[in-house]
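Asks: Have a look at this one.
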Amino acid sequence: MVTRVTSVTSLGRNGLYDWLIQRVSAVVIGVYFIGMLGYLIAQPNLDYGTWKTFIGSVPMQIATTLLVLSVAAHTWVGLWGVTTDYLTGMTLGKSATCVRLVVQMVIALLLLVYVLWGLVTIWGGA
Amino acid sequence: MKVSIYRYNPDTDREPTMKEYDVDTQGKDLMVLDVLNLVKEMDPSLGFRRSCREGVCGSDGMNINGKNGLACITSLSSVAPGVKEGKKALVLRPLPGLPVVRDLVVDMTMFYNQYEKVQPYLQNSTPAPAIERLQSPEERAKLDGLYECILCACCSTSCPSFWWNPDKFLGPAALLQGYRFLADSRDTATEERLARLDDPFSLFRCHGIMNCVSVCPKGLNPTRAIGHIRSMLLERGI
């Protein structure tokens, strides 16, 4: 009998969804950094005021928000893969499920803090 | 030449050991299986599988100086520089990642379980024609590079994703066979086959490192087949 492999801790509970999220988030991260690099090269005499105006503009706020969300999603899919590869019964014995769940929850909480902190920094208006 | 062979009998040995043998190949560029047969004459207790001795049956898959391959079609000169000349030892271990039954013989149950999951047989829900289900030459050509797999397990046991999750990740051999039936114009179970593959493990645990392509003794490309399945899943899912 064929049984479906399931996992409630993967981002989309579906391999195709996770695969797609990882590719799309990689493109967002890549485009952001190439764009940022281009801006920094084009602004050799960049001062704080110009930088603040640039990074605080609504298009950059949206782009940076996308970056933060993409980094979080990309990190989760990648580290979920690492934990399900290496923190298994084969390497850790009976305690594997507990250890894996704890590590995954710590990663999830850190990413949540990172996203919230990022959003406050981007949209906080400081 | 020096031959170092993995020896382990789970019934009597506490742990595996590497045993060294001196084999006289008379300078010939023998196949690894020929060397094993010479060792077997010296030490009949050595266990290994072999059958056709010409790369068709897939019985003698093993790890040869760090790379999986079929002993019967791997010549000493192709193993590594210096092995044929006796300057470097020939090192033989069982296929990695599978339980050892004895010496170079592994338990292939996990490998066959994954093969079974892809339902490697033609499924067609339409009424059977009077003679046979015909294919155009173009449709038949799509099966080239897929049907030739001999299930030696060299690919799956060289894949780290299969090592870590042999119960969840189907492995390159099973996925190649899975695509062989997805690509077959006579098979009508495409949707059911794809529906079983879109979880996070069965197919998507492949990270494309291509060890499978590097070791396949038949020169097949499971990574490409996995990519084709992924494209089919993408078209189906979006």
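Every read-out reported here was derived from the displayed coordinates using simple, explicitly stated rules and does not represent laboratory data. Keep in mind that what you see is a predicted model, and the values were worked out from it rather than measured. Because the Cβ atoms are built from the backbone with ideal geometry, glycine has one as well, and the counts that use them run over all protein chains shown.
Asks: Using label points projected 7 Å from each Cα along Cα→Cβ, tell me how many nm separate B:E192 and B:E15, to one decimal.
Replies: Roughly 4.9 nm, to one decimal.
Asks: For A:L46 and A:A96 in the same chain, what is the full-extension length gain: residue separation times 0.36 nm, less their Cα-Cα distance, in nm?
Replies: Full extension of this stretch gives 12.9 nm more.
Asks: A follow-up question, please. Using a Gaussian network for chain A with springs between C-alpha atoms less than 10 Å apart, which of these wobbles most: A:L40, A:L101, A:L11?
Replies: Of A:L40, A:L101, A:L11, the Gaussian network model singles out A:L40 as fluctuating most.
Asks: Right, next: On a C-alpha basis, how far is the centre of segment A:82-126 from the centre of segment B:113-158 in Å? Whole number, if you could?
Replies: 41 Å
Asks: Let me ask another. Using a Gaussian network model of chain B with C-alpha springs under 10 Å, which one of B:S158, B:S136, B:S75 is most mobile by mean-square fluctuation?
Replies: Of the options given, B:S136 has the highest mean-square fluctuation.
Asks: Give B:K117/B:K168; B:K2/B:K84; B:K28/B:K84; B:K2/B:K88; B:K19/B:K218 a once-over and call out the pairs whose C-alpha atoms are over 18 Å from each other.
Replies: Where the Cα-Cα span goes over 18 Å, the pairs concerned are B:K19/B:K218.
Asks: For a quick size check, give me the Cα extents of segment B:1-135 along its three principal axes, largest first, whole Å.
Replies: Computed over the Cα atoms, the extents are 62, 36, 24 Å.
Asks: Another question, then. Size of the dipole of chain A about the Cα centre, Lys and Arg at +1 and Asp and Glu at -1 on the beta carbon, nothing else charged, in debye to 20?
Replies: Dipole magnitude for chain A comes out near 340 debye.
Asks: So what's the angle, to the nearest 10 degrees on a 0 to 90 scale, between helix B:222-237 and the longest Cα principal axis of chain B?
Replies: For helix B:222-237, the angle is close to 20 degrees.
Asks: Arrange A:Y48, B:Y115, B:Y179 by Cβ neighbour counts within 10 Å, fewest through most, would you?
Replies: Least to most surrounded, the residues fall as A:Y48, B:Y115, B:Y179.
Asks: To check my understanding: the extent here is largest minus smallest coordinate of the Cα atoms along each principal axis. What are those three numbers for chain B, in Å, largest first?
Replies: Taking max minus min along each principal axis of the Cα atoms, chain B gives 60, 37, 31 Å.
Asks: If you don't mind, there's one more thing I want to ask. Quote the FRET efficiency, to the nearest 0.05, computed for B:L234 versus A:M105 with a Förster distance R0 of 22 Å and r equal to the Cβ-Cβ distance.
Replies: The computed FRET efficiency comes out at 0.10.
Asks: Right, something else. On a 0 to 90 degree scale, rounded to 10, what angle separates helix A:58-86 from the longest Cα axis of chain A?
Replies: 20 degrees
Asks: Using Cα springs under 10 Å in a Gaussian network model of chain A, which residue among A:W19, A:W80, A:W51 shows the largest mean-square fluctuation?
Replies: A:W51
Asks: Shifting gears a bit: Per residue Cα convex hull volume for segment B:102-238, in cubic angstrom?
Replies: That works out to 126 Å³ per residue.
Asks: Something else: Counting other beta carbons within 10 Å of each residue's own, what order do B:D11, B:D24, A:D85 fall into, fewest first?
Replies: In increasing order of surrounding Cβ atoms, one gets B:D11, B:D24, A:D85.
Asks: Hey, another quick one. Counting Lys +1, Arg +1, Asp -1, Glu -1, what net charge surrounds B:V91 among other residues with beta carbon under 12 Å of its beta carbon?
Replies: Within the 12 Å Cβ shell, the charges total +4.
Asks: Which three extents, in whole angstrom, do the alpha-carbon atoms of the protein assembly as shown cover along their principal axes, largest first?
Replies: Result, largest extent first: 83, 62, 45 Å.
Asks: Okay, next question. Post the alpha-carbon centroid distance, segment B:170-238 to segment B:55-88, in whole angstrom.
Replies: 28 Å
Asks: Taking chain A as the reference, fit the longest principal axis to its C-alpha atoms, fit the long axis of helix A:15-42 to the helix C-alpha atoms, and give the angle between the two in degrees, 0 to 90, nearest 10.
Replies: With both axes taken from Cα atoms, the answer is about 20 degrees.
Asks: For the pair A:T65 and A:L37, what calculated FRET efficiency results from E = 1/(1 + (r/R0)^6), where r is the Cβ-Cβ distance and R0 = 22 Å, to the nearest 0.05?
Replies: After rounding, the FRET efficiency stands at 0.70.
Asks: Would you mind ranking B:I209, B:I64 by Cβ crowding within 10 Å, fewest neighbours first?
Replies: If I rank by nearby Cβ atoms, fewest first, I get B:I209, B:I64.
Asks: Would you compute, from DSSP H runs of 4+ residues alone, the mean residue ellipticity of chain B at 222 nm, taking -39500 (n - 2.57) per run and dividing by the full residue count, rounded to the nearest 500?
Replies: Dividing the helical sum by the residues of chain B leaves -8500 deg cm²/dmol.
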